[in-house]
Every structure is written in C-alpha cells, then in structure tokens.
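First up is the structure itself, then whatever we jot down about it.
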Amino acid sequence: MSAPHYFGIRHHGPGCARSLVRAFEALRPDCVLIEGPPEAEGLLQAVLADGMRPPVALLSYCPDEPRLAVYHPFAEFSPEWQALRWAVTAGVPARFIDLPLVHGLALDKAEREAEAAEPDEPVAARDVDTHEHDTPAIEDPLNWLARAAGYADGEAWWNHMVEERGDGEQLFAAIAEAMTSLRAETGDKHRNEAEARREAMREAHMRQCVRAAQKEGFGRIAVVCGAWHLGGLATEVTAKADAALLKGLPKLKVQTTWVPWTYRHLARASGYGAGIQSPGWYEHLWKSHDSTQPRAVGWLARVARLMRERDLDCSSAHLIEATRLADALAALRERPAPGLEELHEATRTVLTLGDDAVLHFIHDALVVGDRFGSVPPDVPTVPLQRDVEQAQKSLRLKPEALQKTLDLDLRNPNDLARSHLLHRLNLLDVPWGTVAKVGRSSRGTFHEVWTLQWQPEFALRLIEASVWGQTVEQAATASVIDRCARTESLADLSALVDSVLLADLDHAVAAATHALEDRAAVTGDAQQLLAALPPLANVFRYGNVRQTDAAMVGHVLDGLIVRAAISLPLAGASLDDAAADALRGKLLGAHAAVGLRQ
C-alpha cells in the first residue's frame, strides 16, 4: 500500500491554505482525507453551490437533545475549506476522518452527567467548539521555537514563518519536523486523563480511515489535519490496538447542516478554541498574496478609506509616509514584507498621530472584520428555521453581523409585521433585536426603535425551539403556554401578557391572561399586585396603534387594581425605611399605570 501524504496545518491559516492548494496541484491526490465530522460528508458538494459564501459552519446536533451540539467553522482562507473545494472541483473523493460525532457527543453527554453527579463540585457549563487546539493551552510549545528565533511569542513566529508566506509542499515538511519534535518533547502533560484519552481515540479513528483508504487502492492519499496531530498519526500503532481503543463507544443520533458564520466568532476573543486573533488580516493575506499591489499599500488604503468615512484626516502624503515607515520597520526586523505589527505601528505613528482611540475601530472593522457568510437555501434545516428565513425575505429584514438600528412606524403594515416577528423571536429566546426605544417620543406612540444584530448561534436556538412548532407563530404560542404553567410571579405573568400582545399571539394572550387571573385570585401580596400593573398598562398604550384588541385584559387589570388597593393599607403598616422605599417605588409605578388605564 502506498504511503499517505500528511499536511499539517493550522486551522484558518491563509499561508497553510495557499501552500496546500499549491501542494495539491503538484501531487494531484486521488483521495483527500480531512480532519472533520464524518456525519457531514453528505453536505460537501454544497461548498461549490450558488449562495455558499464563507465564513460558514457545519452545525451538528443531537435532535433529541439539541443543546448537545458542535460547530465546525470555515473561512475562505481555511486550509480545510480549500481542500474541500479542490477535491469537489476535481471530482476526487473527500472524506472527514475525525472521531464521529455520534460518539463524540455521546461522550460529552456522559462527562456532563458524571460532573452533575459529583456532590461537592459545581457543574461547569462546557463550551463545545469546532476543533481542538493544535497546541497545548497551558504552555504553547511554539513559544520555545519563537524565543529561539527572537520572537515575542509563538503566534508572531508562526504568522511570519507560515501564514504570511505560503511556499508550497516544502512548507509542510518543515511543519511536520517541528511539530513532531515538539510533541515528542511535551507529550500529553498538558491534558488530564479524560482529555488525553479523547485525543487518543480521535487519532485512532483517523489512522483507521487512512488504512481504509489504502485498502481501497488509492495511490495518492492526502491527509489534512491539525499540525499537532502529526505526531500521533505518524506513530506506529497496530490496527488491532486502534480497534480495541474504539470498541464499545456510546452513540447518539446526530444531524448536520450548514449555517452562516461571522469573523467575530472565528476570533479567539469569542472563546472559540481554535480561534485566531485577526480574521480580517488573514483574509487580506489570502487575497493580496498574488496581487500586483504590495500588501502594505492595499492594507493602508483600506485604513485610509475607513478613516475618511469617519471624517478623519488621511491624505495621500500620510499613506506614502506610513508605507515607507512600515517597509523600514520590516527591513530593520529582517522580514521580507511588513506584517500586521509593522502596519499597526505605522498606522499609529503616521495616520492617527498616536491616538489609540482611532485604532479601536480599525481593529474591529479590519483586523477582526465584520464579514457574515451565507448558505444556499436548499441546505437541510428544520421547518422553523425555514419559516424564519422566509419571513426575513418577505419583510426585507436581512440578518447581518453588524449592529444596526431599525426605526419602525407601527402604522405601516410591513413595519408592524416586522415588529411582530422580532417580538415572537424574543419569546423563543432568539434575541435578534432589542427594543431601544418604545412609546412616547416627539413623534408620538407610533414608533419602535430596535437594535438588530444576528448571531450565528441563533441557528441552534431555532433548532431547540422547533420542539414547540414548525412556524414562528406556532412555536412562540406553545412556548408561552408552557411558560404560563411554570411562572409563579404576578409581575412576570403580567410582563408576559404584555409581550404576547406585542407579538400579536391571540391564543397565547388568552392563556397568559387566564394564568394571571388564576394566580391573582390566590394571592394577597400587595407588592406582587402593584408590580403586575405597569406591564399590563402598556397594553392600553399600544393597543390601538398595533391594531390589537387589548380589551381582553381590561377586566384583569381592573381586578388587580381593586385587589392592590384593598391590600395596600395592611401592606403599608409597620415598615422600616428600606421596605418603605421599595414599596414607594412600586406604588409610584402602579399610580402611573392607573393613569394610563384611565
């Protein structure tokens, strides 16, 4: 059997991606094996589909327990993404070879249940990310190489030596030698026993997949994996030993789909385990490498454009001097071209005159970036998610990664429908929009001002909410009815009535008002009764504007006012200063609510 060709990469590294494409063009592999979830292989043809624009992610989840889920993100400059595109374009078999998620998520569930069973230890919420770190989190072994080469840390060294270059297949031989040596020195000391066992199982399955491809007769097998795994995959382990390690693993049912992603969620600051510091800069490296325009000129031109959009001075002379300074810094540091550090220093010195405040929006807009991906409309998804997408399209509400303000005129039918959708999604714990301004203003009561920002994780929340129904209206109504049965506080029930009226959910309004009546009938707590009045009064503030029949809760509000008034004398007796102050605040709110009712 022919020996496989291993390509150790950094997840989301543009230099690795560029080198990988060149290596594939030279090797012309007849089988491509990639570190990733095998359950997603049926979706790989979609990488070339119309409407597929990275960053995107594979979302894999357990349909019976949607909170058991994992994302595998890809950017245009991710080596795995480029490997997939190359294989699909060339008609070459492409397979994911990581430990199947039917086992991985089952192991996650077992570990969480074991943690919950510990009597003396709190249960920690475990964030599931897409890839493991390629290097240990405690002490990055790359720091050893970096310090030996005169760099501050392994990140800067790797960027300069790998990601800002892209030399082709020769690069991977150097990566393999360095990472295999580092792993031999450090071993698994940075991991606990459970983590080390999980890594061993992942690599055992990868080796099994490589053996299977060899037995099928493929002659030029390309294996694309995290560079840290090279030491494990190159180890001589028998097939029998790998099979024994993987025998008897638990299983769960898993489904997978494509979802849009953002650069902000690719960034390490988001908490993503395999995150990178500067997705926007990496995109610039990917796109500018083969450009006739020097890398520094293109980057500083983007900085200048950004500053001019904010009415900040940035002339052509500034750009020329900043470019010269960046080139000079790179020459002093014996680098072939300016990197992000040199460009950052030149920007601060020449363009912003030492003002670090300007650098913050440059970092957000360019270094991290605001790109938001998209997926084709025919990718598999749950009916609820499809209903949301259809509503977004018909109401002309495009999901965007950037925060934006939306001013709705509730006299306009389309704006009223937008308001209903946003309120219904909030009831499903999908806070795409938050109300920044409601009610009385200089323009009257016909306006709602929303702040909108779409988050990729909303896709998983819609999958979780799909247990309530196949449309937003059905799901929000069923969710509210369930919440009514579990809510004890009168104030919370009153606020819920207000929310469902704003969302225009008639059946949910009936359920919430009945629950409020039942709860009020058995309580004599004046403070609870007073706290329940203001949210209900808002119904009358918006009823006519929203074309909503608010009369159905009028008798509930009237009954609460009477009950609160009767119980108030007793509740106001024998109070200390703190209790009196608390009661006074609720009394003032209730007094204003009575005014609105009248």
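The values are calculated or read from the model by the stated rules, or taken from the named source; none is laboratory data. Just so it is clear, the structure is predicted and the values come from calculations on it, not from any experiment. Cβ atoms come from the backbone with ideal geometry, glycine included; neighbour counts cover every protein chain shown. Just so you know, the surface numbers come from the protein's heavy atoms only, side chains and all, with ligands and any DNA or RNA stripped out. Shrake-Rupley method; radii C 1.70, N 1.55, O 1.52, S 1.80 Å.
Within the stretch 375-386, which residues are open to solvent by less than 50 Å² (accessible area, probe 1.4 Å) and farther than 15 Å from residue 58 by Cα?
Scanning the stretch 375-386 gives 384, 385.
If you scan the stretch 52-87, which residues turn out to be at pLDDT 90 or above, in a loop (DSSP other than H, G, I, E, B) and out of contact with any Gly (no Cβ under 6 Å at 6 or more places or on another chain)?
52, 75, 76, 77, 78
Looking at the stretch 441-451 only, could you name the residues that are at pLDDT 85 or above and either among the basic types (Lys, Arg) or in contact with a helix residue (DSSP H, G or I) (Cβ under 8 Å, 6 or more places away or on another chain) (or both)? Working first, answer last.
So in the stretch 441-451, the residues at pLDDT 85 or above come out as 448-451.
If the condition is that a residue be at pLDDT 85 or above and either among the basic types (Lys, Arg) or in contact with a helix residue (DSSP H, G or I) (Cβ under 8 Å, 6 or more places away or on another chain) (or both), then 448, 450 are the ones that fit.
Any idea which of (1) in a helix (DSSP H, G or I); (2) at pLDDT below 90; (3) under 20 Å from residue 66 (Cα atoms) is the one residue 456 doesn't satisfy?
(1)
Pairs please, first residue from the stretch 248-265 and within 18 Å of residue 38 (Cβ to Cβ) and aliphatic (A, V, I, L, M), second anywhere and in a strand (DSSP E or B) and open to solvent by less than 30 Å² (accessible area, probe 1.4 Å), Cβ atoms under 8 Å, 6+ apart in sequence or on different chains.
The qualifying pairs are 252/62; 252/68; 254/60; 254/61; 254/62.
Taking the residues in the stretch 336-350 that are modelled with pLDDT under 90 and assigned to a helix (DSSP H, G or I) as candidates, determine which candidate is farthest from residue 278 (Cα to Cα).
Taking the stretch 336-350 and keeping what is modelled with pLDDT under 90, we get 336-341.
With assigned to a helix (DSSP H, G or I) added as a condition, the list becomes 340-341.
Details: 340: 9, 341: 11 Å.
Among them, the one singled out is 341.
Return the residue satisfying two criteria in turn: it lies in the stretch 161-171 and is out of contact with any Leu (no Cβ under 8 Å at 6 or more places or on another chain) and in a helix (DSSP H, G or I), and of such residues it is surrounded by the most Cβ atoms within 10 Å (Cβ to Cβ).
171
Name the one entry in 219, 231 that is at pLDDT 80 or above, assigned to a helix (DSSP H, G or I) and not β-branched (Val, Ile, Thr).
Sole residue among the options that is at pLDDT 80 or above, assigned to a helix (DSSP H, G or I) and not β-branched (Val, Ile, Thr): 231.
Are there any pairs, at least 6 apart or on different chains, whose C-beta atoms fall under 7 Å, with the first in the stretch 323-352 and over 20 Å from residue 367 (Cα atoms) and the second in a helix (DSSP H, G or I), and if so, which?
335/160
Failed condition for residue 359, given (1) exposed (fewer than 15 other Cβ atoms within 10 Å of the Cβ); (2) in contact with a Ser or Thr (Cβ under 7 Å, 6 or more places away or on another chain), with all others met?
The one condition residue 359 does not meet is (1).
Find the residue count for the stretch 199-221, including only residues that are open to solvent by less than 40 Å² (accessible area, probe 1.4 Å), within 19 Å of residue 243 (Cβ to Cβ) and of a type outside the set (Val, Ile, Thr).
Adding up the residues that qualify gives 12.
Restricting to the stretch 81-93, give me the number of residues that are open to solvent by 20 Å² or more (accessible area, probe 1.4 Å) and aliphatic (A, V, I, L, M).
So the answer is 3.
I'd like to know if the stretch 437-447 contains one or more residues that are of a type in the set (Phe, Trp, Tyr) and closer than 27 Å to residue 382 by Cβ. Talk me through it step by step, then tell me what you get.
Kept after step one, since they are of a type in the set (Phe, Trp, Tyr), are these residues of the stretch 437-447: 446.
Going one step further and asking which of them are closer than 27 Å to residue 382 by Cβ, we end up with none.
No, the stretch 437-447 contains no residue that is of a type in the set (Phe, Trp, Tyr) and closer than 27 Å to residue 382 by Cβ.
Show me the helices (runs of 4 or more DSSP H) found entirely inside the stretch 481-598 where at least 3 residues are at pLDDT 75 or above and in contact with a Lys or Arg (Cβ under 9 Å, 6 or more places away or on another chain). It would help to see each step written out before you state the result.
Working: elements: 490-502, 506-521, 526-542, 554-571, 577-597.
Those helices (runs of 4 or more DSSP H) span 490-502.
Which residue pairs have Cβ atoms closer than 7 Å, lie 6 or more positions apart in sequence or on different chains, and pair a first residue in the stretch 472-487 that is charged (D, E, K, R) with a second residue that is part of a helix (DSSP H, G or I) and at pLDDT 90 or above?
Within 7 Å, the pairs are 473/424.
Only one of (1) open to solvent by 10 Å² or more (accessible area, probe 1.4 Å); (2) in a helix (DSSP H, G or I) is not met by residue 250, so which one is it?
Against the list (1) open to solvent by 10 Å² or more (accessible area, probe 1.4 Å); (2) in a helix (DSSP H, G or I), residue 250 comes up short only on (2).
On the given criteria, is residue 412 open to solvent by 20 Å² or more (accessible area, probe 1.4 Å) and under 19 Å from the mean Cα position of the chain (by Cα)? Walk me through how you get there before you give the answer.
Numbers: open to solvent by 20 Å² or more (accessible area, probe 1.4 Å): yes; under 19 Å from the mean Cα position of the chain (by Cα): no.
Here the answer is no, as residue 412 does not meet what is asked.
Any idea which residue in the stretch 387-409 is most open to solvent (accessible area, probe 1.4 Å), counting only those that are more than 16 Å from residue 473 (Cα to Cα) and of a type in the set (A, V, I, L, M)?
Step by step, filter the stretch 387-409, then rank; the result is 402.
How many of the residues in the stretch 116-160 are charged (D, E, K, R), open to solvent by 40 Å² or more (accessible area, probe 1.4 Å) and at pLDDT 75 or above?
Residues in the stretch 116-160 being charged (D, E, K, R), open to solvent by 40 Å² or more (accessible area, probe 1.4 Å) and at pLDDT 75 or above: 2 in total.
Tally the residues that are open to solvent by 10 Å² or more (accessible area, probe 1.4 Å) and closer than 27 Å to residue 235 by Cα, restricting the search to the stretch 23-48.
Qualifying residue count, the stretch 23-48: 7.
Can you find a residue in the stretch 412-432 that is of a type in the set (Val, Ile, Thr) and within 24 Å of residue 501 (Cβ to Cβ)?
Scanning the stretch 412-432, I find at least one residue that is of a type in the set (Val, Ile, Thr) and within 24 Å of residue 501 (Cβ to Cβ), so the answer is yes.
Residues are listed down the side, and each one gets a yes or a no for (1) assigned to a strand (DSSP E or B); (2) touching a Cys at 6+ places or on another chain (Cβ under 9 Å); (3) of a type in the set (Asp, Glu):
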site: 15; (1), (2), (3): no, no, no
site: 19; (1), (2), (3): no, no, no
site: 24; (1), (2), (3): no, no, no
site: 29; (1), (2), (3): no, no, no
site: 32; (1), (2), (3): yes, no, no
site: 39; (1), (2), (3): no, no, yes
site: 42; (1), (2), (3): no, no, no
site: 50; (1), (2), (3): no, no, yes
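Looking at the structure I just gave you, is residue 58 under 26 Å from residue 465 (Cα atoms) and either buried (at least 19 other Cβ atoms within 10 Å of the Cβ) or of a type in the set (Asp, Glu) (or both)?
Spelling it out, residue 58 is indeed under 26 Å from residue 465 (Cα atoms) and either buried (at least 19 other Cβ atoms within 10 Å of the Cβ) or of a type in the set (Asp, Glu) (or both).
Can residue 174 be described as open to solvent by 40 Å² or more (accessible area, probe 1.4 Å), at pLDDT 80 or above and assigned to a helix (DSSP H, G or I)?
Against the criterion (open to solvent by 40 Å² or more (accessible area, probe 1.4 Å), at pLDDT 80 or above and assigned to a helix (DSSP H, G or I)), residue 174 qualifies.
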